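Each remark here refers to the structure printed beneath this line.
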Amino acid sequence: AQVTLIGRVGRDAFGPALVDNFEREGINTDYIVRDDEAVTGAAFVALMPSGENSILTVLGANDRCDPEQVEAASPAIERADQLLVQLAVPTETVDRAIQIAVDRGVPVQLDPTPIGRGLPKLWHRSYRVTPNESEAAVVSKVTVSDVPSAVEACRKLRRRGVKVPVVKLGGAGCVVMDDQGPRLVEGYPVEVVDTTGAGDAFAAGLAVRSAEGAPINCALAFANACGALACTVVGAQPSLPRREAVDKFLKLQGGEEKASVIAL
């Protein structure tokens, strides 16, 4: 996909290195601000033997990404096929981005992470919201521990106005609910090395396939494949799979159209 990133970095060693890497990947960095008064955000990952992780996040310059910066990027939002937002910037900044997109008929996908400081006021106007189990408990007020509770969380999110809520269940896949009812789109078994970045890979895969016009079950199968492959490589950015790798993986599984989908 053609990607434009709206964000903020410091002028320490990490900021330029990140931006250079984005540019090597073909990402449009026109709306990344270099901040003279803040350090570049960072995440410190504690990795368990099982591959699960615990992450300490230092937001740094991300926390200074303001609504005015989003306003400056409004031309990019208005011509986008999808707007993907998360919560590592101030909630008022996320609100402004959602409002611009909704006003122009651009579908919004909210990945509500990190969840620590609450939700933006306009979160429920997102077309898709994709929490994991712990995030779903905050967003929907339903404790999610299995498929039935994930369905209930989706039902609550639909009542709040979210058209297509998706609750991620790790290796089990994800539960989705839309006008066709609730379904479990099963995940793909892989040898887990490091789960860091799996949720980001899932979000990207879902946004890309949705922008391409794929049916929701196929888009979720693609997203599950992205998340699964991310678990097989150590690291965050290095673990994000290339499109060719995802397509090859799915071909071995019979294609995204053959994903196991269970009506609930």
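Bear in mind that the values in this text are calculations on the coordinates, not laboratory data. Keep in mind it's a predicted model, so treat the numbers as computed, not measured. Note that we place each Cβ from the backbone using ideal geometry, even for glycine, and neighbour counts take in every protein chain shown.
Rounded to the nearest 20, the Cβ-based charge dipole of segment 90-197 about its Cα centre (Lys and Arg +1, Asp and Glu -1) stands at 620 debye. For a straight C-alpha distance cut-off of 18 angstrom, the lysines reachable from Lys156 (same-chain residues fewer than eight places away being disregarded) are Lys121, Lys141, Lys168. A simple rule links phi to the HN-Hα coupling: the Karplus curve 6.51 cos²θ - 1.76 cosθ + 1.60 with θ = phi - 60°, which for segment 153-166 gives 4, 4, 4, 5, 5, 4, 5, 7, x, 6, 5, 9, x, 10 Hz, with x for Gly and Pro. Overall, segment 175-258 carries a charge dipole of about 160 debye about its Cα centre when +1 sits on the Cβ of Lys and Arg and -1 on the Cβ of Asp and Glu, all other atoms neutral.
Local charge sum around Gly10 (other residues, Cβ-Cβ under 9 Å, Lys/Arg +1, Asp/Glu -1)?
Overall, the nearby charge balance is -1.
Helix 243-252 axis versus longest C-alpha principal axis of the chain: approximately 10°, rounded to the nearest ten. Compared with the alpha-carbon gap, the fully stretched path from Asn28 to Ser260 is longer by 79.9 nm at 0.36 nm per residue. Mean sequence separation of contacting Cα pairs (under 8 Å, at least six apart), scaled by the length of the chain, corresponds to a relative contact order of 12 percent. Other residues whose C-beta falls under 14 angstrom from the C-beta of Glu256 contribute a net charge of +1, scoring Lys and Arg +1 and Asp and Glu -1.
Would you mind telling me the antiparallel percentage of the DSSP bridges in the chain, rounded to 5? In the chain, approximately 60 percent of DSSP beta bridges are antiparallel ones. Which residues in segment 158-182 have a backbone N closer than 17 Å to a point placed 7 Å from the Cα of Val102 along the Cα-to-Cβ line? Residues 158-165 qualify, since their backbone N sits under 17 Å from the label point.
Look at the alpha carbon pairs under 8 Å that are at least 6 residues apart: their mean separation over the length of segment 1-119 gives a relative contact order of 21 percent. The value of relative contact order for segment 64-110, using C-alpha pairs under 8 Å at least six residues apart, is 48 percent. Counting only residues at least eight positions apart within a chain, or on another chain, the lysines with an alpha carbon under 18 Å from that of Lys248 are Lys258. Look at the dipole of the chain built from charges on Cβ: of Asn217, Val33, Leu84, the Cα furthest out on the positive end belongs to Asn217. Other residues within the sphere of radius under 11 Å centred on the Cβ of Thr93, judged by their own Cβ, net out at -3 (K and R +1, D and E -1). Selection among Gly199, Val142, Gly173 by position relative to the dipole of segment 118-259 gives Val142 as farthest towards the positive end (Cβ unit charges, Cα centre). Charges were assigned to the Cβ only: +1 to each Lys and Arg, -1 to each Asp and Glu. The resulting dipole of segment 45-93 about its Cα centre is roughly 180 debye.
Segment 46-114 and segment 195-264 have their alpha-carbon centroids 20 Å apart. Would you work out if segment 137-264 is rounded, prolate or oblate? Take a ≥ b ≥ c from the square roots of the eigenvalues of the alpha-carbon gyration tensor; rounded if a/c is under 1.5, else prolate when a/b is larger than b/c, oblate otherwise. Judged from the Cα gyration tensor, segment 137-264 comes out prolate (a/c at least 1.5, a/b above b/c).
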